[in-house]
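Taking it in order: structure first as structure tokens, then the write-up.
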Amino acid sequence: GINAEEWGNRLVMSTCAVDLEANRSFLNNLLTRALEDCIQDGSIPQDAESFFPSWDIRISRRPDLAHVCTTAVMQGANLYARHHRLTPQCRTWSEAMITKLQSYNALTEARQTIQVSIAGNGFVNFTFVDSNLPNLTTLPSVKSTTRARPRPPAPQSSGNALSLAEIEGLKHQMAAALDRALRESVLQGLLPPQAADFFPPWEMRRPKRAEMAHVSTVAVMQAANAFAKANGVASRSRTWSEIMLSLLQSYNLKTEQGEAIHVAVAGNGFVNFTVAGRGLDNPPHNGQNPVAVQTFSIESIGTLESFFVEKHGTPRQGSYASLARARMSLRPDIHVTALEGLEEFSHVWLVFIFHSNNSNGFRPRIQPPRLGGRKMGVFATRSPHRINPLGLSLVKLERVEGRMLHFSGVDLIDGTPIVDIKPYHPADCEPNYVIPEWLKAIPVVAIKVVFTNEATQQLREFVPRLKFFADFEEIKSAIEQSLEQDPRSLHTKSKHECGIYGFAIDQLNVIYRMSDSGELEVVRVEMRDAHSPRMRTSEWLAGINAQQNSVTQEVMYSSDSENDMWERDPASL
């Protein structure tokens, strides 16, 4: 909506604001470090590094969005997918890289803060704070990887709603647009070549929530699920829908009367179509437009280093694992005097971001683990799948050492962004509280945890190499506390047919199983490194099954040998 002269002026202003050459080496090093860390934690495959071209950092074509950017992550993901005949994971890889980059809180040689964000299908953008950037919308330093999904316009009064004939016409028109988007997405390599075979007819319907859109289709989600099932891979229904969404939005769809058609994705892949300015049935607020939504930018004050590496094995409440430890260093640009007086408190509240939440859209009702499949409103639970991914955790403050805070009794994973710290106050404990019956009905029972002799010896050997523990009994008790609440979900139990499970803590991989007596038995402890396969994946399970079969064959061989010996010379046994 601007003329060429103004656009050129913006571009000149942006390029003059940041000396790209002076910062190129710095950004190259940051990206290289992030890629190595992503490969090490398994968020990017170990053999992917060879597919990355040079970082090729360039001036952004959108000077109103960022100073410089790189498409190398997107290119690497596409090349890797083409080589292995997989669906490209451009956006996923870029988000993994951005999570690492944001955790570094890096400053340039000129002491400038760098904000990182993602655009399109994997562009990584860098913005130098306090440098000139025309019309820059402030980028949050936390959760900036989340794509703001286009929403249909606010519902209007149903007085100008579409007629049944107009609805039918819209269905046919959108089916044709979807056909075009599907063809182009396959031709451009955005979807696998054989993806079109899995698409059912474009069944356009009125959405169950009439205030959401005029017509909707679930065909993209169904196709992604069918493709995943046929090829034995994870479903990418949300990704497929967003690919189709990008193409549909580029068409600038309009009705025969010239009315704009808005396209959006909801849930796990519903594609919704809304005609601008036309009423929807059952509009909220008695036909009046809802109150405008306020938005805010939140900055992290530090990143947590935690004993827990991943969600599996992390307790649902920190009080279940009093020995679990973590630490956080206050962000360098926040003056250390902000911590004065905090050491006088024994406990603090940590306000944090659910940064590893892979939720595909907001759902007003979820299934809490203790309800056995029954659904509950999200605001009546502590689920991480929320409109705003904010969490609150009560932890024990062990000590304050300069800028470093040490905690125990934590239930947060490594890399969690902390956005605020509040001291615990006696007024926070309300004696006359009331909780629903479903919370009272299922008592918290600790499962007995035992270690095999081999696992005990392995753990004792690895203690000197740990980050958070230097005492064998303490780390052993911490592992027991993590397992006492049985971290296995129903999905995990059904996937692990061999009955062997594992989770990562500190520098260790802990392998365990459920014994016949109902105890959780730790059977092996390993040091985790960059070459260790991610646990609970198909690769890891295949290795575990192979080891189990090997052990079984050894036992059978030993048994046969003893039987032969018994037949030859009973006295020799």
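The values are calculated or read from the model by the stated rules, or taken from the named source; none is laboratory data. Everything numeric here is computed off the predicted structure, so don't read it as measured data. Note: ideal-geometry Cβ built from the backbone for every residue, glycine included; neighbour counts use all protein chains shown. The protein model used for the area step is the full one, side chains on, heavy atoms only, and it has no ligands, DNA or RNA in it. Shrake-Rupley method; radii C 1.70, N 1.55, O 1.52, S 1.80 Å.
In this structure, the pairs whose alpha-carbon distance is over 19 Å, taken from Lys396/Lys422; Lys375/Lys448; Lys100/Lys422; Lys448/Lys476; Lys171/Lys254, are Lys375/Lys448; Lys100/Lys422. Taking all protein chains together and a 1.4 Å probe, the residues Thr87, Thr70 rank Thr87, Thr70 from largest to smallest accessible area. A 1.4 Å probe over all protein chains sorts Ser25, Ser94 by accessible area into Ser25, Ser94, starting with the largest.
Taking segment 360-479 on its own, what percent of its Cα-Cα pair distances exceed 16 Å? Counting every Cα pair in segment 360-479, those more than 16 Å apart make up 77 percent.
Inter-label distance, Ser322 to His347: 1.2 nm, where each label sits 7 Å from its Cα along the C-beta direction. In order along segment 405-410, phi translates into HN-Hα couplings of 10, 10, 10, 9, x, 8 Hz, rounded to whole numbers, per the Karplus curve 6.51 cos²θ - 1.76 cosθ + 1.60 with θ = phi - 60° and x for Gly and Pro. A 1.4 Å probe over all protein chains sorts Asp333, Asp179 by accessible area into Asp333, Asp179, starting with the largest. Here's how it looks for Ala321: its modeled amide H is under 5 Å from none belonging to a residue 5 or more places away or on a different chain.
Paramagnetic label reach from Glu437 (point 7 Å along Cα→Cβ; backbone nitrogen cut-off under 20 Å): within segment 374-410, residues 374-377, 380-381.
Modelled label positions at Lys467 and Thr255, each set 7 Å beyond Cα in the direction of Cβ, lie 5.6 nm from each other.
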